[in-house]
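Read the structure below first, then the notes.
Every number here is computed from the coordinates shown, using simple stated rules; none is lab data. What you see is a predicted model; the values in this text were computed from it and never measured. Virtual Cβ from ideal backbone geometry, glycine too; neighbours counted across all protein chains shown.
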Amino acid sequence: MKTKGETFGSTIRKLRRDSRKTLQEMADKIGVSVAYYSEVELEKRPPFKPDRIALLAQLLNASANELFALSWQDRKVISFDTDQLNPSETNILQSFARGLTDDQIERIQDVIKGK
């Protein structure tokens, strides 16, 4: 799905248009205002939080993993659910993530995607 230069906003806009859904429909279904949804598509706001991205993937019949990867790329962060981790594991994860370059993050994402 992803091509060079593609962003989270441009991707969800294309997916929404291809599925012939309106901004109002999508905003209502994921629980945000039309203005907010539009601003995410136009990259005036950062990508949605993970729970909304998962719902969006279902609604647009898209790969949640690819939408997550695009959102992480745009935010320059990777979100993890640390509820199942003990404090030591959480500290290791946080320490590891600090100071990574964009190239290192991209290589990690490629490994996660199996490239």
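Restricting the calculation to alpha carbons of segment 5-44 gives Rg and Dmax of 9.5, 29 angstrom.
Going 7 Å from the Cα of Leu85 along its beta-carbon direction, which residues of segment 26-64 have the amide nitrogen within less than 13 Å of the resulting point? Answer for this model: none. The gain in end-to-end length when the Asn65 to Leu42 segment is fully stretched comes to 6.2 nm, 0.36 nm per residue minus the alpha carbon separation. Cα convex hull, segment 1-78: 79 Å³ per residue, rounded to a whole number.
When only Cα pairs under 8 Å and 6 or more residues apart are kept, what is the percent relative contact order across segment 1-78? Don't skip to the end; give the middle numbers.
Working: 64 pairs, mean separation 26.4, N = 78.
Averaging sequence separation for qualifying contacts and normalising by length gives 34 percent for segment 1-78.
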